[in-house]
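The values are calculated or read from the model by the stated rules, or taken from the named source; none is laboratory data. Small disclaimer: the values here were computed from a predicted structure and weren't measured. Cβ atoms come from the backbone with ideal geometry, glycine included; neighbour counts cover every protein chain shown. Side chains included, ligands, DNA and RNA excluded: accessible areas come from the protein's heavy atoms. Shrake-Rupley method; radii C 1.70, N 1.55, O 1.52, S 1.80 Å.
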Amino acid sequence: MARLVALLAALALGGAEALAVGRTSRVVHGSRGAARMAVTRAPKAGSAVVNGRTVVLPKFSEECSYTGITLTRYMIEFARANPELAELESILASIQTACKTISTLVRRSSMTGLVGLQGGGGSVNVQGEEQKKLDVITNDVLKNALKFSGKMATLASEEEDAPVALDEDDNYDAYRPKDIVIEEGNKYIAVFDPLDGSSNVDAGIPTGTIFGIFDEGDQTCVVDEGLPLTAAEQECLASTLRPGNALIASGYCLYSSATHFVFTLGAGVQGFTLDESNGEFVLTHPDIMLPPRGKIYSLNEGNRWAWDNALRDYVTAIQKGEGESGVAYTSRYIGSMVGDVHRTLLYGGIFAYAGDKKNVNGKLRLLYEAAPMSFLVEQAGGKAVTGLHRIMDIVPSGVHQRVPVIMGSPDDVAECQKYYTAESAKDPEMKKRCDARMVPKLQKVGA
Ligand code: FBP
């Protein structure tokens, strides 16, 4: 009775004090001794249909005021709400562990000698880029974490020439007495860029990890029988080269002033921040939605001379405040896709690495950069296009295929797209080039 009176008295005080009172001695001691209070920043509940599958969003009616809603707890609830997708819990657990490790490796790299080029230089990946020490190390960290989840069939990475097929590890048989047949879980495909923006890492500029998860599903592409690949390799390649609209999860981890983990499971976008004090990602940005329009454009203006007229005219118009909003936009460009997209998701506006006369397909890779980020942007209410077409609909023609990228606030991307539509109506070559990307082609390994 006394405790009830105290509680009512505390509540009568109203506001934070009430909670403070609650937190001190009276209200804190629940049956398990941890503080409990009504959740204030819980993500929206409900469900959504993803690739023909209904995904139920996890619900949080309580939150520990000391821990908050962690990514670990979010995925536990997600698995409870979606038993057929329960394996995503251990996959995301593996990815978050790898990202925490990478966050520490990047932050301490100047003190641990992890800056600079792999092997002092000369170590070149399949795209001809000189690898940083951290490119190779972060690739190993993420590859191992995914492999040890025991849920992956195939991995494709910016730092791997070709997709890597994962066989059952020895433990698999060790755990299964020969005579009992146990239903084998699903297997998944992970595509990732272990350290996006790595050209910036030695200068302490934000970098990130980008990932995308496909379920094994059915193959959407054919492989050139002429390729010198074994049947298993052909199988593995074909199962990896999937369009973005087949993704079941994607996200990034940003290594910057704070470490942010932002992801989607096809039903909205959730943002977590690493609480360095307990090593947990805590929900700080529930249900991220892009504003319909922003005031920031983000692209490498150093390429301006090579841009298509469409892009040049669009950027000129918004710089001068002669665009649809009549507002003069400002420029922000980090040169790390994860950093530039993270800011765009939170502040709105447009990020682009378009095709140009120098690189008709731009610079960013479809499978493990453009498609996973497009899934996020679309789930946050934005748009992601090549100029004329939706990036998520492109069937990759190679693991390292590049595509033009224009993404961000829906009204900004739609405005930019109008310039491309107008120019392609005058330039059949350009139209042909853009439409050709939408036609699935025979697959090539290193392309
Ligand atoms: P990687 O560092 O993973 O190769 O990524 C490419 C990237 O660094 C993107 O993060 C970024 O958006 C773009 O290249 C920057 O290119 P540029 O220096 O030509 O503007």
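Count of the range 141-157 residues, restricted to those that are within 16 Å of the ligand (Cβ to nearest atom) and open to solvent by 30 Å² or more (accessible area, probe 1.4 Å), is 2.
Residue 65 falls short on exactly one of the conditions (1) in the same structural domain as residue 257 (by TED's automatic domain parsing); (2) open to solvent by less than 60 Å² (accessible area, probe 1.4 Å); (3) farther than 30 Å from residue 393 by Cα, and that condition is (1). The one condition from (1) away from the ligand (no atom under 12 Å from the Cβ); (2) modelled with pLDDT under 95 that residue 376 does not meet is (2). Just one residue in the set 346, 364 is modelled with pLDDT of 95 or more and within 14 Å of the ligand (Cβ to nearest atom); that residue is 364. Cβ separations smaller than 6 Å between residues 6+ apart or across chains give the following pairs from the range 289-303 residues that are open to solvent by 10 Å² or more (accessible area, probe 1.4 Å) to residues that are within 16 Å of the ligand (Cβ to nearest atom) and among the charged types (D, E, K, R): 296/332; 303/356.
The C-beta contact set for the range 321-339 (first residue of a type in the set (Val, Ile, Thr), second residue part of a loop (DSSP other than H, G, I, E, B) and open to solvent by less than 50 Å² (accessible area, probe 1.4 Å), distance under 8 angstrom, 6+ apart or interchain) comprises 327/321; 334/197; 334/206; 338/197; 338/206.
The residue that is farthest from residue 396 (Cα to Cα), counting only those in the range 255-264 that are touching a Gly at 6+ places or on another chain (Cβ under 9 Å) and open to solvent by less than 10 Å² (accessible area, probe 1.4 Å), is 261. Residue count for the range 387-436 under the criterion of being of a type outside the set (A, V, I, L, M), over 20 Å from residue 323 (Cα atoms) and not in a helix (DSSP H, G or I): the result is 10. Highlighted here are the helices (runs of 4 or more DSSP H) found entirely within the range 83-202 that include at least 2 residues which are at pLDDT 95 or above: 87-112, 133-148. The set of residues from the range 40-72 being touching an Asp or Glu at 6+ places or on another chain (Cβ under 9 Å) and over 21 Å from residue 380 (Cα atoms) comprises 67, 68, 72.
Okay, residues lined up against (1) open to solvent by 20 Å² or more (accessible area, probe 1.4 Å); (2) assigned to a helix (DSSP H, G or I):
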{"residue": "312", "(1), (2)": "yes, yes"}
{"residue": "318", "(1), (2)": "no, yes"}
{"residue": "322", "(1), (2)": "yes, no"}
{"residue": "328", "(1), (2)": "yes, no"}
{"residue": "338", "(1), (2)": "no, yes"}
{"residue": "341", "(1), (2)": "no, yes"}
{"residue": "345", "(1), (2)": "no, yes"}
{"residue": "351", "(1), (2)": "no, no"}
{"residue": "360", "(1), (2)": "yes, no"}
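Exactly one residue among 100, 133 is in contact (Cβ under 8 Å) with a residue 60 or more places away in the chain and in the same structural domain as residue 188 (by TED's automatic domain parsing), and that residue is 100.
Residues checked against (1) within 21 Å of the chain's Cα centre (by Cα); (2) in the same structural domain as residue 362 (by TED's automatic domain parsing):
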{"position": "270", "(1), (2)": "yes, no"}
{"position": "275", "(1), (2)": "yes, no"}
{"position": "278", "(1), (2)": "no, no"}
{"position": "290", "(1), (2)": "yes, no"}
{"position": "301", "(1), (2)": "no, yes"}
{"position": "304", "(1), (2)": "no, yes"}
{"position": "307", "(1), (2)": "no, yes"}
{"position": "311", "(1), (2)": "no, yes"}
